[in-house]
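FYI, it's all coordinate maths here, none of it is from the lab. Since the structure is predicted, the reported quantities are computational estimates derived from the model, not experimental observations. Counting neighbours? That spans all protein chains shown, and the Cβs are built from the backbone with ideal geometry, glycine included.
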Amino acid sequence: MSDKILVIKLGALGDFVQAGGPFQAIRAHHGSAQITLLTTNPFVDFAAAAPWFDAVWIDSRPKLLQVGGWLELRARLRGGEFARVYDLQTSSRSSHYHSLWWPGVAPEWSGIARGCTFPHANPGRDFMHTIERQAEQLAMAGIEAVPAADYSWAERSDVSALDLPETYAIIAPGGAAHRSDKRWPLDRFAEIAKHLAQSGITPVIIGAGSERAMAAEILKVAPDARDVTGQTSIGQLFAMAKGARLAIGNDTGPMHVAGLSGAATLVLYSAASDPDLCAQRGQRTVILRENNMDQLSVRQITEAIARLVAPPA
């Protein structure tokens, strides 16, 4: 067998970092093999710094009628001479990549593509949490042990430019712009920021650059808060979370980072997403869920914060 392996993981931040355990398992199973990751642009720098991959390729994600883009992707995949592919994305797009080897012979393939070598053949796979689903997929391809993700390398990222205070809490008030039903009201995040500041914990607001307006609204109520929206890499988010007293936010990617770092993490859910399928994981992660975000009160959150940051008995 060739010693060249391809791993496909394209998805959103939360999905990507939850694949850390499978990434480690694939590296351990294949020893000194040359492992290439196919991913999207937001994750290239982070993946290149990880100890799991020898090369990182950007998937240009050609649209249906972009024939040139498909031909270019096909040539690159076939030219990689991969012996095995682990499709951890398992979407219709990534499964279609299996057919790009036609009329030749595709490499061994772990995923859900029709006719693949190691299909994840559990009909209930769509009702499993991401972490258990991927572990079972790899077991069906002969990788029995999938560890908890070790992001200690990312937690050492340099955050000196952010000039963080000694004692701080992370606040993630944003999330997908088209999913307002997954967002706790901004004025309540502002009240929590004010509460934290009054408790001697500086709120540090994180998020994409497009969420700076949210941070500005919080700062009107809690002027002692800090705004680092649009200023953090994925590695820096891990380092920030490792040093934080607490992280609180909606069901969004940075909260997966916080949970995996081991930080005290409080994630707010509505009925719009199911924690059984996608919850943030971590030894100190707490999920609070109501049907509608409006039903989560400031008092519920402050009481949960008090329990999370209380010193051990």
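Tabulated data for the structure shown
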{"quantity": "Label zone at residue 161 (point 7 Å along Cα-to-Cβ), backbone N below 19 Å, the stretch 32-46", "calculated": "42-46"}
{"quantity": "Loop-located GluC sites (Glu not before Pro) in the stretch 38-114, at most 14 other Cβ atoms within 10 Å (DSSP)", "calculated": "81"}
{"quantity": "Contour excess over end-to-end distance, with Cα ends at residue 210 and residue 32 and 0.36 nm allotted per residue", "calculated": "60.0 nm"}
{"quantity": "Stretchable slack from residue 148 to residue 71, in nm (0.36 nm times residue separation minus alpha-carbon distance)", "calculated": "24.0 nm"}
{"quantity": "Rounded if a/c under 1.5, otherwise prolate or oblate - the chain, Cα gyration tensor axes", "calculated": "prolate"}
{"quantity": "Mean separation of Cα contacts under 8 Å (6+ apart) over length of the stretch 4-150, as relative contact order %", "calculated": "28"}
{"quantity": "Shape call, the stretch 1-58: gyration tensor on alpha carbons, a/c limit 1.5", "calculated": "prolate"}
{"quantity": "Sequence-separation-based contact order of the chain, relative, with Cα cut under 8 Å and 6+ spacing, percent", "calculated": "15"}
{"quantity": "FRET E, pair residue 306, residue 186, Förster distance 30 Å, beta-carbon r, rounded to 0.05", "calculated": "0.85"}
{"quantity": "Fraction in percent of alpha-carbon pairs per bin - 10 Å, the stretch 154-309", "calculated": "12, 46, 37, 5"}
{"quantity": "Tensor-based shape of the stretch 117-179 (alpha-carbon gyration tensor, a/c under 1.5 rounded, otherwise prolate or oblate)", "calculated": "oblate"}
{"quantity": "Beta bridges by DSSP in the chain, antiparallel share as percent, to the nearest 5", "calculated": "0"}
{"quantity": "Coil-residue trypsin sites (Lys or Arg not before Pro) of the stretch 96-136, DSSP, other Cβ within 10 Å capped at 14", "calculated": "114"}
{"quantity": "Degrees, to the nearest 10: 186-198 long Cα axis against longest axis of the chain", "calculated": "60"}
{"quantity": "Cα-based Rg and Dmax for the stretch 112-231, where Dmax is the largest Cα-Cα distance (Å)", "calculated": "20.4, 60"}
{"quantity": "Isotropically averaged projected area of the stretch 4-150, using the convex hull of Cα atoms (one quarter of hull area), nm²", "calculated": "8.4"}
{"quantity": "Least to most buried among 252, 90 (fewest other Cβ within 10 Å first)", "calculated": "90, 252"}
{"quantity": "GluC sites (Glu not before Pro) within the stretch 150-205: DSSP coil, no more than 12 neighbouring Cβ in 10 Å", "calculated": "166"}
